[in-house]
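What follows is a set of notes on a single structure, which appears directly below.
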Amino acid sequence: MPTHRFVTLALLGLLSTAAAPVAGDERSALPQWRGPARDGHARAFEAPDVWPEKLEPVWRIEIGPGHSGPVVDGERVYLHVRTADGEAVEARRLAEGALVWRQGYRTGYPVKSEAAWHGAGPFSTPLLADGVLYTFGIAEVLTAWRASDGETLWRRDFGEEFEEPWTYYGTSLSPLLSGGSVVVYAGGPGDGALVALDAASGEERWRLDGEGPPYGSPVVLDVDGTSQIVTFTQNRLIGVDPASGRLLWAEPFEVAWDNTVQTPVLAAGRLVMAAWETPARGFEIARRGDGWSVAARWEAPRTANAYSSPVVIGDRLWGYSHRDSGHLYRLDPATGEVDWRGPGRQGEHASLVAAAGRLLVFTEAGRLRVLDATAAEPSVLADYVVTTSAQWAHPALAGDLVLVRGQEELLAWRAPRTSPQ
């Protein structure tokens, strides 16, 4: 297969959940990866009643490279970018993109030749919680910044703790907030640890040592009435007690190139997971006495999600498969039955966002397509060009603004609310 295809798996911590607990700052419009519940729903977005023929350009700024998505509070947008000698964090005014503060640090990362097309990151989306911004650099440097002025509150360099200090293509998982702890999976191939650090001090609360880390991000889910952190490892899917770090259950999940990119979706009582050349599967995770059981319930053909994470809208799960050179699909998460497929040749990757009954599809080629997700036969309601460069970072939607990160630019578009004529 083309080299850049499997490289891309390492560059995106793509995940999705259904009805996940809020794990970021509830006061923020988009405080973390894929929104307040890490499920791809843009709840702070004021979606138009009717999508206009054109979006209104608001501002455009040049920024450093990287695929890290922007996060947004009521007045500012925060970015994690590559610099000449390391990485930097920027706070900008949401109204016009003006710089408020910028702080950086030195960090080295030897880019693999296979990944050169995507650069040296960063790929992890920041976490904004209680006035603090947490970033996880490509070389596993976790930093807490005071959001008001950029002061460094604490820093942990995991690259100094493991013989192989990062995954082959660099870290891409986004930090998670759970019970006052910031949770990341650190380490390198064959040797890693899921670690919870006190959000205020950076002191270690617990760690679960084991196999190497995934490229995807952890998430908090309510599984059979029990809150737990669910994450891939290098070759398993696991559930962990958020308070103690105790392993609750594990399911083997080996993928070519160790590309455990996705975090599964919990929908209709099924934990749904997919990966590179691995079709979507539905598992039932249930408590059995003092332990847990994992049972496969279905497998859906032609649904391998190499890069894009699904989103649940109503009683259906929407996914974007790399099969057929890229296509959308819709399935029943209870049974795995695929009841709709879109046309192929749509590109390798798309970020999926749910907003007011619509499915927003942000493609690698820089387009935004809006589909009616409530119709039996979905139709494209609007189609826009939102950036002229490759679009790999997850977008941010807040108020009536749509923030899109291209290769080295950030653009703000306005989607004004209108009424049917």
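The values are calculated or read from the model by the stated rules, or taken from the named source; none is laboratory data. This is a predicted model, so every value here is computed, not measured. Every residue, glycine among them, receives a Cβ derived from its backbone with ideal geometry; neighbour counts consider all protein chains shown. Ligands, DNA and RNA are excluded from the accessible area calculation, which covers all protein heavy atoms including side chains. Shrake-Rupley method; radii C 1.70, N 1.55, O 1.52, S 1.80 Å.
Considering segment 52-75, and only residues there that are touching a Leu at 6+ places or on another chain (Cβ under 6 Å) and open to solvent by 40 Å² or more (accessible area, probe 1.4 Å), the residue that is farthest from THR387 (Cα to Cα) turns out to be GLU75.
Pairing residues of segment 239-263 that are touching a residue at least 12 places away in the same chain (Cβ under 8 Å) and at positive phi with residues that are among the aliphatic types (A, V, I, L, M) and open to solvent by 10 Å² or more (accessible area, probe 1.4 Å), at Cβ distances under 8 Å and at least 6 apart in sequence or on separate chains, gives GLY245/LEU208.
Just one residue in the set ARG38, ARG43 is open to solvent by less than 40 Å² (accessible area, probe 1.4 Å) and either outside any strand (DSSP E or B) or of a type in the set (Asp, Glu) (or both); that residue is ARG38.
Filtering segment 142-152 to residues that are surrounded by fewer than 22 Cβ atoms within 10 Å (Cβ to Cβ) and either closer than 21 Å to GLY179 by Cβ or touching a Lys or Arg at 6+ places or on another chain (Cβ under 9 Å) (or both) leaves GLY150, THR152. Per the conditions (1) outside any strand (DSSP E or B); (2) more than 24 Å from GLU408 (Cα to Cα); (3) touching a Lys or Arg at 6+ places or on another chain (Cβ under 6 Å), the sole criterion not satisfied by ALA120 is (2).
Rundown of residues vs (1) assigned to a loop (DSSP other than H, G, I, E, B); (2) among the basic types (Lys, Arg); (3) buried (at least 20 other Cβ atoms within 10 Å of the Cβ), yes/no style:
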site: TRP154; (1), (2), (3): no, no, no
site: TYR168; (1), (2), (3): yes, no, no
site: TRP206; (1), (2), (3): no, no, no
site: TYR215; (1), (2), (3): yes, no, yes
site: ILE229; (1), (2), (3): no, no, yes
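For segment 284-295, taking the residues that are assigned to a strand (DSSP E or B) and of a type in the set (Gly, Ala, Ser), the one that is farthest from PRO333 (Cα to Cα) is identified as GLY291. Taken together, ALA129, ALA120 contain a single residue that is farther than 24 Å from PRO36 by Cα, surrounded by 17 or more Cβ atoms within 10 Å (Cβ to Cβ) and in contact (Cβ under 8 Å) with a residue 40 or more places away in the chain, which is ALA120.
Anything in segment 262-271 that is at pLDDT 90 or above and crowded, with 21+ Cβ neighbours inside 10 Å? List them, or say none. Walk me through how you get there before you give the answer.
Step one: filter segment 262-271 for residues at pLDDT 90 or above, giving 266-271.
Scanning segment 262-271 gives LEU266, ALA267, ARG270, LEU271.
Is it fair to say ALA47 is among the small types (Gly, Ala, Ser), in contact (Cβ under 8 Å) with a residue 60 or more places away in the chain, in contact with a Lys or Arg (Cβ under 7 Å, 6 or more places away or on another chain) and at negative phi? Here the answer is yes, as ALA47 does meet what is asked. Pairing each residue of segment 136-156 that is closer than 13 Å to GLY104 by Cα with any residue that is crowded, with 22+ Cβ neighbours inside 10 Å and charged (D, E, K, R), provided the two are 6+ apart or on different chains, yields C-beta distances under 6 Å for GLY137/GLU87.
A search for C-beta distances below 8 Å between a residue of segment 377-390 that is open to solvent by 30 Å² or more (accessible area, probe 1.4 Å) and any residue that is among the β-branched types (Val, Ile, Thr), counting only pairs 6+ apart in sequence or on different chains, returns VAL380/VAL370; LEU381/VAL370; ASP383/VAL370. Within segment 360-376, being within 16 Å of ARG330 (Cβ to Cβ), open to solvent by 50 Å² or more (accessible area, probe 1.4 Å) and at pLDDT 95 or above holds for one residue alone: ARG369. No other residue among GLU164, GLU203 is closer than 20 Å to TRP257 by Cβ and over 20 Å from the mean Cα position of the chain (by Cα) apart from GLU164.
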